[in-house]
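Have a look at the structure below before the remarks.
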């Protein structure tokens with residue numbers, strides 16, 4: 001497959017949107033807070049710095065709606081500069097605003113920027129990394145310009161944030177790619193099946209067309225002598241047209257009533273008077289309409305050929321959701337059960353065609369009681385709203401969406417677990433060790449740390465094996481995390497809560513996130529509410545906090561838990577917005593690919609089939625169509641007979657029989673017997689499997705020789721271990737051997753030997769194959 | 001019996017039209033062939049005057065029962081020369097009849113061309129190979145079959161395919177006489193294997209005497 005799959009593509013897009021929106025929100029809120037809390041004198045300069053930063057965010061938001069002409073490098077670098085300017089301007093505003101609030105604000109903005117840059121620039125990691133470095137430098141610059149001494153800790157923290165953000169992205173992307181891969185695999189399998197089905201349907205349609213057109217015409221010419229042939233040239237030209245028409249893969253609709261109005265009633269003495277009662281209009285898709293039309297045409301010619309009457313009634317109407325077409329005659333009728341399997345008029349042209357397009361056709365007839373042929377097409381599309389899929393398709397899509405969702409969820413949980421573990425064992429561990437003397441008692445905080453580590457271990461145990469965390473484990477773990485939150489709140493002096501010594505305050509949310517990732521967002525939001533609420537209650541119990549304390553606590557709560565909540569929101573979007581969208585996109589791409597393949601294959605098949613005819617049937621039809629060849633000429637009639645027999649053999653190829661070779665031989669013999677030739681057939685030995693290409697070469701001499709026989713012939717099939725020999729002896733075939741040579745054997749495996757003695761000719765085709773697989 | 005003396009035949013077939021046809025063919029034979037008895041039951045062959053006939057022409061399918069292999073076996077065991085004359089045109093039946101010791105196996109579609117010759121050959125203990133039988137022998141894959149040369153197999157199959165020794169001879173570049181001798185040799189090889197029967201022994205003996213086969217070949 002070219003380029004990233006639909007899940008990965010949509011993941012990138014969702015993350016980019018999320019990143020830009022989150023960053024813009026944080027920049028807007030924090031900078032407003034910073035400007036408000038600044039001295040009146042610094043306000044203009046601060047505004048001059050922060051307003052362009054906001055503007056840059058706005059530009060970025062605008063490009064989300066209207067993507068730039070994508071890969072233009074100039075545009076991309078402009079965007080990069082806009083993003084870079086946000087962090088630089090924010091960094092520069094720190095000395096202007098001054099104070100702790102400014103420092104906290106700048107750190108919060110730049111921290112979020114560094115995190116979101118990794119998602120906005122997910123497909124250009126170097127650009128994201130460079131923005132990260134720029135942000136860290138701006139932050140440090142602001143510190144230095146504010147008169148602080150250079151400190152490595154904030155830098156390290158920013159580096160960790162950027163790296164974690166990128167790592168989380170990579171984890172989720174890996175899962176998205178896995179989803180795309182398995183979706184592509186199953187789609188490919190489905191595509192092959194659909195293409196194969198379409199090709200089979202086209203093949204059936206082709207054979208049915210051949211049967212109704214060229215085969216019927218040639219058979220008539222070969223049999224007839226001294227009758228009126230005035231209709232023949234036009235008919236031969238029509239046949240040629242029908243054979244050269246590329247099979248339609250059309251989806252349009254046509255009025256069946258209009259089509260049925262032009263069913264040909266036959267020519268000359270074979271003319272059938274049709275009484276028609278047709279409800280108009282009967283608009284149905286072109287596939288079934290053509291199948292019905294072609295089937296009716298064949299059925300009408302059957303009336304003239306077999307029923308012994310020259311009148312028939314054609315009716316068409318709509319019955320509920322069905323379109324029904326019925327052709328009845330009062331002719332001599334027949335027993336449908338007794339029709340030999342090789343006769344294709346009914347099986348191929350009428351029933352097979354209809355089945356291929358999802359309709360049905362039925363024939364009711366009794367000897368002496370006339371015949372009724374009924375076509376029925378059920379119109380499902382009109383019942384369902386546009387765009388509704390057929391059930392199997394819809395099922396496939398649901399499965400695909402579930403697969404993508406499962407993979408994204410798994411990736412998100414892994415990422416949250418990674419963030420949890422990493423934060424716990426770097427920043428939090430550092431704080432826990434540094435502030436041991438502050439905790440009352442210290443062992444409770446240490447136990448809480450161990451408890452979180454255990455939760456992480458249990459989660460990793462399931463997630464790393466690709467499994468979901470079982471509900472009981474989930475709720476126990478969540479209880480443990482909540483207990484850590486309580487311990488953290490009650491074993492710290494209230495004035496230190498959410499401060500530097502509170503290692504657990506920002507961490508607990510991440511644990512809750514990976515435990516609750518698959519549930520609705522409100523569960524996670526409720527947990528965060530309880531978590532923050534506990535801290536607030538403890539603070540309030542200790543007496544009313546000062547304004548500065550309250551602001552500090554508020555900023556902490558929003559920057560930690562607010563960020564976590566936004567990640568939770570992102571996850572919801574991914575699972576319930578991105579995954580279905582990716583499923584639909586994948587399906588649409590797949591449908592397009594399938595259509596292309598079908599179109600391609602059908603055209604190639606058609607060319608191949610037509611090429612096979614150009615050596616044999618096409619010149620005959622062209623000659624008959626333009627009057628160059630005359631049906632009064634015996635040689636022409638013989639050639640037509642040979643081609644008709646060849647076609648019968650071709651039709652027999654698709655019969656499901658155990659001895660395919662014998663079946664095809666019999667098809668040729670039937671044509672000859674129809675011409676009045678007496679043919680004896682004898683078979684010796686045990687039949688075996690013979691490839692279709694070899695069968696063609698083996699049976700062709702039989703078709704050719706019988707086509708040139710008028711008296712008697714003997715056909716034999718002899719199976720010896722390792723070889724099969726098909727032979728035909730014609731008592732008078734040698735007298736008509738002049739104009740047309742045997743079809744050149746293209747397959748060197750088949751040896752053809754011909755012996756002539758007087759009027760009789762003996763042709764034998766044999767095929768040697770050491771490992772001839774026996775048919776039971 | 002001399003090779004030109006008259007031959008007596010008992011015909012067992014349950015179809016009167018076939019009986020009539022057979023009698024007409026025999027009547028046209030230059031060497032006299034007399035149908036001494038005819039009927040739809042094997043009893044005709046065991047009772048006077050059928051019991052003295054030189055050759056028994058037996059339809060395998062009598063009445064509603066299966067093929068009359070048991071009747072064939074009893075006749076052969078009694079030393080009778082039996083020409084099996086059957087509607088059945090398959091290898092298995094042909095091979096079974098030959099193995100039981102029938103002089104030859106003919107399908108009804110071959111009757112006109114081959115019944116007279118086959119009857120005379122049976123009367124004289126000479127081999128006779130009609131095409132249907134040749135086809136069965138040429139494709140025989142049973143483990144107990146005699147070893148045939150490639151040429152012999154080819155002659156068998158082509159005789160079956162073309163029903164014309166002239167065509168076979170022309171295709172293989174042989175004389176009709178040579179084609180015949182290949183067919184005879186195969187028939188003797190078959191007589192020499194499988195279930196022993198007096199008819200088979202006399203066939204081989206006659207072939208050696210006529211110089212059709214060498215004793216060392218067998």
Exercise for the section: List the number of the failed condition for residue A:457; all other conditions in (1) surrounded by fewer than 14 Cβ atoms within 10 Å (Cβ to Cβ); (2) at pLDDT 90 or above; (3) under 18 Å from residue A:502 (Cβ atoms) hold. Expected result: (3)
Practice task
Identify, by number, the condition in (1) within 14 Å of another protein chain (Cβ to nearest Cβ); (2) under 26 Å from residue A:730 (Cα atoms) that residue B:143 doesn't meet.
Solution key: (2)
Fill in the blank from the handout: Just one listed residue, out of A:15, A:73, A:61, is in contact (Cβ under 8 Å) with a residue 40 or more places away in the chain and surrounded by fewer than 15 Cβ atoms within 10 Å (Cβ to Cβ), and it is A:61
Completion exercise
Residues of the range A:645-664 being in contact with a helix residue (DSSP H, G or I) (Cβ under 6 Å, 6 or more places away or on another chain) and assigned to a helix (DSSP H, G or I), in sequence order, are A:645, A:646, A:647, A:648, A:649, A:651, A:652, A:661, A:663, A:664
Practice task
Output the residues belonging to the range A:680-722 that are more than 9 Å from every other protein chain (Cβ to nearest Cβ), surrounded by fewer than 21 Cβ atoms within 10 Å (Cβ to Cβ) and part of a strand (DSSP E or B).
Solution key: A:681, A:688, A:712
Exercise for the section: Name every residue in the range B:149-162 that is more than 7 Å from chain A (Cβ to nearest Cβ) and touching a helix residue (DSSP H, G or I) at 6+ places or on another chain (Cβ under 6 Å), in order of residue number. Expected result: B:152, B:153, B:155, B:156, B:158, B:159
Handout entry: Residue that is within 9 Å of chain A (Cβ to nearest Cβ), assigned to a helix (DSSP H, G or I), crowded, with 22+ Cβ neighbours inside 10 Å and in contact with a strand residue (DSSP E or B) (Cβ under 8 Å, 6 or more places away or on another chain), where the choices are B:132, B:121
Key = B:132
Problem - Check on residue B:208, more than 14 Å from chain A (Cβ to nearest Cβ), in a loop (DSSP other than H, G, I, E, B) and over 23 Å from residue B:113 (Cβ atoms) - result: no
Practice task
Looking only at the range A:723-735, decide whether some residue is assigned by TED's automatic domain parsing to the domain that holds residue A:662, in a strand (DSSP E or B), over 23 Å from residue A:657 (Cβ atoms) and modelled with pLDDT of 90 or more.
Solution key: yes
Practice task
Consider residue B:106 carefully, then state whether it is outside any helix (DSSP H, G or I), in contact with a helix residue (DSSP H, G or I) (Cβ under 6 Å, 6 or more places away or on another chain), at pLDDT 90 or above and within 14 Å of chain A (Cβ to nearest Cβ).
Solution key: yes
Practice task
Sort out which residues of the range B:163-195 are within 12 Å of another protein chain (Cβ to nearest Cβ), in a helix (DSSP H, G or I) and touching a residue at least 12 places away in the same chain (Cβ under 8 Å), and write them in order of number.
Solution key: B:165, B:168, B:171, B:172
Exercise for the section: For residue A:448, work out the one condition from (1) surrounded by fewer than 13 Cβ atoms within 10 Å (Cβ to Cβ); (2) touching a residue at least 12 places away in the same chain (Cβ under 8 Å) it doesn't fulfil. Expected result: (1)
Handout entry: Hey, residue A:313 in contact (Cβ under 8 Å) with a residue 60 or more places away in the chain and within 28 Å of residue A:229 (Cα to Cα) or not
Key = no
Exercise for the section: Taking residue A:215 as the residue in question, decide whether it is assigned to a helix (DSSP H, G or I), within 30 Å of residue A:630 (Cα to Cα) and at pLDDT 80 or above. Expected result: yes
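The values are calculated or read from the model by the stated rules, or taken from the named source; none is laboratory data. None of these values were measured; they are calculated from a predicted model. Virtual Cβ from ideal backbone geometry, glycine too; neighbours counted across all protein chains shown.
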